[in-house]
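**Q** Sharing a structure, written as structure tokens. Questions coming.
The values are calculated or read from the model by the stated rules, or taken from the named source; none is laboratory data. Not measured: the values here are computed from a predicted model. Virtual Cβ from ideal backbone geometry, glycine too; neighbours counted across all protein chains shown. The protein model used for the area step is the full one, side chains on, heavy atoms only, and it has no ligands, DNA or RNA in it. Shrake-Rupley method; radii C 1.70, N 1.55, O 1.52, S 1.80 Å.
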Amino acid sequence: MSSEVASFMIETAEKLVRMGVDAFRIDHALGQPHSFLKQFRERMQAIRSDIVVFGEVWAFGIGPQLASQLYFKTDGRLQEFLAQETKPFSQDDLQADYVDTLDGVLDFAYRDILLEEVHAGRGIKGNATLKSKVEEHFAKYPKDFKLVLFLDNHDTDRFLFDCHDDVNLLQEALEFTKGLPRPFSFLYGTEQLMTNNPSIFNAEPYADLRVRNCMDWTKK
């Protein structure tokens, strides 16, 4: 990364902190050097120690041909990523690579666990297998590392779509997630049961717009 660009981004963020911003979500953190992310976090927290810097760390849809544009702490991890077509890359390993770099990450691995249970036809409420998987997942990270839980976001299918429009299953997932001792990111429109059909992962251009519709503010 250009030192001039890094300085501009950090100085701009410092101005925002002084205006009252208390957290930063780093989009596509995989595309930023760890050294820059660490410097960014340290500079923000030098102004206010309670500033939170977390990132989107997700490799879905990124083929080996783009791996040269990504940043990992070790060459070994990069080589593992390059071989992902034959050996799928662990989302947990990917997220854990940022433990000493960021305060936390959006927890795509948690969402994968939920979807695994839903797609297998198992419910959320009273699901002992799900509870065990989630506990095992959390145990892979330091307790102070912020795993930001979510059911869906602007880059994924709506969770209600994955539930096959089963509102009760969506409600179970919401209650289960909110009951965990982690921050929870809630996608607008879920309270209005917004969904999408078909999936946005069908290789159709701009398919993600199906989950980025405006709220219907006439609904109560």
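**Q** Check which residues have an amide H placed less than 5 Å from residue 151's amide H, if you skip close sequence neighbours.
**A** Here 187 satisfy the definition.
**Q** Can you give the helix-only mean residue ellipticity at 222 nm for the chain, where every DSSP H stretch with n ≥ 4 adds -39500 (n - 2.57) and the sum goes over all residues, rounded to the nearest 500 deg cm²/dmol?
**A** -11500 deg cm²/dmol
**Q** Taking the chain as a Gaussian network, where each spring joins two C-alpha atoms under 10 Å apart, which residue of 29, 67, 96 fluctuates the most?
**A** 67
**Q** Here's a follow-up. How big is the Rg/Rh ratio for the stretch 142-220, C-alpha atoms only, Rh by Kirkwood, two decimals?
**A** 1.01
**Q** What does the charge dipole of the chain about its Cα centre add up to, to the nearest 20 debye, if the Cβ of each Lys and Arg holds +1 and the Cβ of each Asp and Glu holds -1? Don't skip to the end; give the middle numbers.
**A** On the way: 25 positive and 35 negative charges, 104 e Å.
Charge dipole of the chain: 500 debye, to the nearest 20.
**Q** How far is the Cα center of the stretch 167-220 from the Cα center of the stretch 111-144, in Å?
**A** If we compute the Cα centre of each part, the gap is 19 Å.
**Q** Okay, moving on. Among all lysine pairs in the chain that are eight or more places apart or on different chains, how many have alpha carbons less than 19 angstrom apart?
**A** 15
**Q** Whose amide H sits under 5 Å from the amide H of residue 23, counting only residues 5 or more places off or on another chain, with H placed in the peptide plane?
**A** Placed amide hydrogens put 52 under 5 Å from residue 23.
**Q** Could you give the length gained by full extension between residue 185 and residue 9, i.e. 0.36 nm per residue of separation minus their alpha carbon distance, to one decimal place? Write out the running numbers ahead of the final one.
**A** Working: separation 176, 0.36 × 176 = 63.36 nm, distance 2.48 nm.
Gain in length upon complete extension: 60.9 nm.
**Q** Between residue 204 and residue 68, 0.36 nm times their residue separation minus their Cα-Cα distance comes to what?
**A** On the way: separation 136, 0.36 × 136 = 48.96 nm, distance 2.57 nm.
Result: 46.4 nm gained on full extension.
**Q** For the chain, max minus min Cα coordinate along each principal axis, in Å, sorted largest first?
**A** 50, 46, 39
**Q** Now for a different question. Whenever you get a sec, line up 214, 163 from highest to lowest accessible area (probe 1.4 Å, protein heavy atoms).
**A** So the residues, ranked largest to smallest area, are 214, 163.
**Q** Note down the relative contact order for the chain as a percent, whole number, built from C-alpha pairs under 8 angstrom at least six residues apart. Provide the component values of the computation, followed by the final result.
**A** Working: 253 pairs, mean separation 32.9, N = 220.
Over the chain, the number comes to 15 percent.
**Q** Expressed in nm to one decimal, what extension gain is obtained for the pair residue 22 and residue 214 from 0.36 nm per residue of sequence separation less their Cα-Cα distance?
**A** On the way: separation 192, 0.36 × 192 = 69.12 nm, distance 2.63 nm.
Gain on stretching residue 22 to residue 214: 66.5 nm.
**Q** Using the heavy atoms of the protein chains and a 1.4 angstrom probe, tell me the accessible area per residue for the stretch 94-190 in square angstrom.
**A** Working: 4310 Å² over 97 residues.
With the other protein chains kept in place, the stretch 94-190 gives 44 Å² per residue.
**Q** What part of the accessible area of the chain, given as a whole %, is carbon or sulfur when the probe is 1.4 angstrom?
**A** Details: 6490 of 12250 Å².
The nonpolar share, carbon plus sulfur, comes to 53 percent.
**Q** Would you work out the relative contact order for the stretch 113-220, in percent, from Cα pairs under 8 angstrom that are 6 or more residues apart?
**A** On the way: 104 pairs, mean separation 30.6, N = 108.
Here the relative contact order equals 28 percent.
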